[in-house]
1. Provide a single number: the residues in region 1-51 that are of a type in the set (Val, Ile, Thr) and either more than 17 Å from the chain's Cα centre (by Cα) or not assigned by TED's automatic domain parsing to the domain that holds residue 78 (or both).
2. Output the qualifying pairs, or none if there are none: Cβ atoms under 6 angstrom, residues six or more apart or on different chains, first residue in region 1-30 and touching a residue at least 40 places away in the same chain (Cβ under 8 Å) and under 25 Å from residue 130 (Cα atoms), second residue surrounded by 16 or more Cβ atoms within 10 Å (Cβ to Cβ) and aromatic (Phe, Trp, Tyr).
3. Could you check how many residues of region 17-33 are crowded, with 16+ Cβ neighbours inside 10 Å and of a type in the set (Gly, Ala, Ser)?
4. Looking at 173, 136, which is the one that is in a helix (DSSP H, G or I), at pLDDT 85 or above and in contact with a helix residue (DSSP H, G or I) (Cβ under 6 Å, 6 or more places away or on another chain)?
5. For region 85-100, enumerate the residues that are of a type in the set (Val, Ile, Thr) and assigned to a helix (DSSP H, G or I).
Amino acid sequence: MKNEKEIIEAVTAFVREAVSSHDSGHGWSHIERVVRLALYICDCEGRGDRFVVELGALMHDVGDHKFGAHNGPEEISRLLESLRVDGSVIKEVISINENISFSKGRHAIEKSIALRIVQDADRLDAMGAIGIARAFNYGGFKGNEIYNPHKGLTSNPGEVYASSKSVSTIHHFYDKLLLLKDLMNTETGRRLAQERHDFMITYLDQFFREWNPGN
């Protein structure tokens, strides 16, 4: 049986390959940041199994539907079973993968501490300066407009814009990114989210001043 370090190394190699076709905002650098954030939150909170948290963070995007994949749990189970990881750990990692997304995260489910931690880490990486860079990178990857002022968005940063589909990257701030601060699970997540949220508000203020000079 492999030790935890060997398991992490094997999973790391697998995930690097699995996300190699993703845009850079959802690629390996995103995974690395989420792992670092998750372990930091775990240490600050003084709760959670670091091995489970690290595996969950590493594998949270395996089978991401945004990139045409839908078999994340099967891939995770196959790999971790081949590495002889304990069944309870595999179950937890699959639960993180299945329930981490923004849409799933808004439903009332019983969350383990590991899921709470990894979900906060993933949400934090969608906020602040890095979150802004990722949003525009993905928007370009999908061919979305930067902003379309004719499709139902006022220029009041912080106002919640609800829609089923972002019509531009700026709209995406209002239907997701500005909502994340109030969806954090941990005290550490809430502390880190506030600064990143405030930065996004400042960015949007500046964006709309430049878009509508004199207004």
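1. Result for region 1-51: 4.
2. 19/28; 23/138; 25/138
3. 3
4. 136
5. 89, 90, 93, 94, 96
Per-residue answers, yes or no, for (1) closer than 24 Å to residue 192 by Cβ; (2) part of a helix (DSSP H, G or I):
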| residue | (1), (2) |
| --- | --- |
| 21 | no, no |
| 30 | yes, yes |
| 35 | yes, yes |
| 52 | yes, yes |
| 57 | yes, yes |
| 62 | no, no |
| 75 | no, yes |
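The values are calculated or read from the model by the stated rules, or taken from the named source; none is laboratory data. Predicted model, so just to flag it, every value in this text is computed and none were measured. Cβ coordinates were reconstructed from backbone atoms using ideal geometry, including for glycine residues, and neighbour counts include every protein chain displayed.
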